[in-house]
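Enquirer: To start, I am sharing the structure in question, which I have written as structure tokens.
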Amino acid sequence: MVEKRILSPGRVRRVPKQFSWVDHRLVRDRHICRCSHEALALYLLLVTVADAEGLSYYSEETVSRLLSMEPDALRRARRDLCGAGLIAYQRPLYQVLSLDGPHAGQAVLTERSARRGSGEAMSIGAVLRQAIGGAE
């Protein structure tokens, strides 16, 4: 039996004000734009099977089978979701994270680094300019 434990206590998912477990901010705040189709399929599965705290512990084999996804593709999808600040993963536990909280700055860096293709960190000034819509 797997012992369930919160992986990210500050990011426990709560039911959004609108009537669904899939938070509208996933689209409105453009989280969806930073993820591959495979990552979004994994996210939907995790949102569907998670408990009230966002936790689930489906095995890699089960998730691969349910999504008709090769293990390497599943690992990439999981890495994308972790990088986008949408889930936490510590084998065998997944935690779907709240869209509130400290991941916002990380998401900007992740998205920006992906567009640059360099993986380098941005200065705080560059992050602030990007956040207010200025050039880098």
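Read-outs: derived from the displayed coordinates by stated rules, not from any lab. Values in this document were obtained by computation on a predicted structure and should not be read as measured data. As a convention, Cβ positions derive from the backbone with ideal geometry for all residues, glycine included, and neighbour counts pool all protein chains shown.
Enquirer: Pairs of alpha-carbon atoms within less than 8 angstrom and 6+ residues apart define the contacts here; what relative contact order does region 22-98 have, in percent?
Expert: 35
Enquirer: Between Arg65 and Val27, how high is the FRET efficiency from 1/(1 + (r/R0)^6) when r is the Cβ-Cβ distance and R₀ = 25 Å? Nearest 0.05.
Expert: Here the calculated transfer efficiency is 0.35.
Enquirer: Quote the convex hull volume per residue of region 22-98, based on C-alpha atoms, as a whole number of Å³. The partial results should precede the final answer.
Expert: Values: hull volume 6.0 nm³, N = 77.
Convex hull volume per residue, Cα atoms: 78 Å³.
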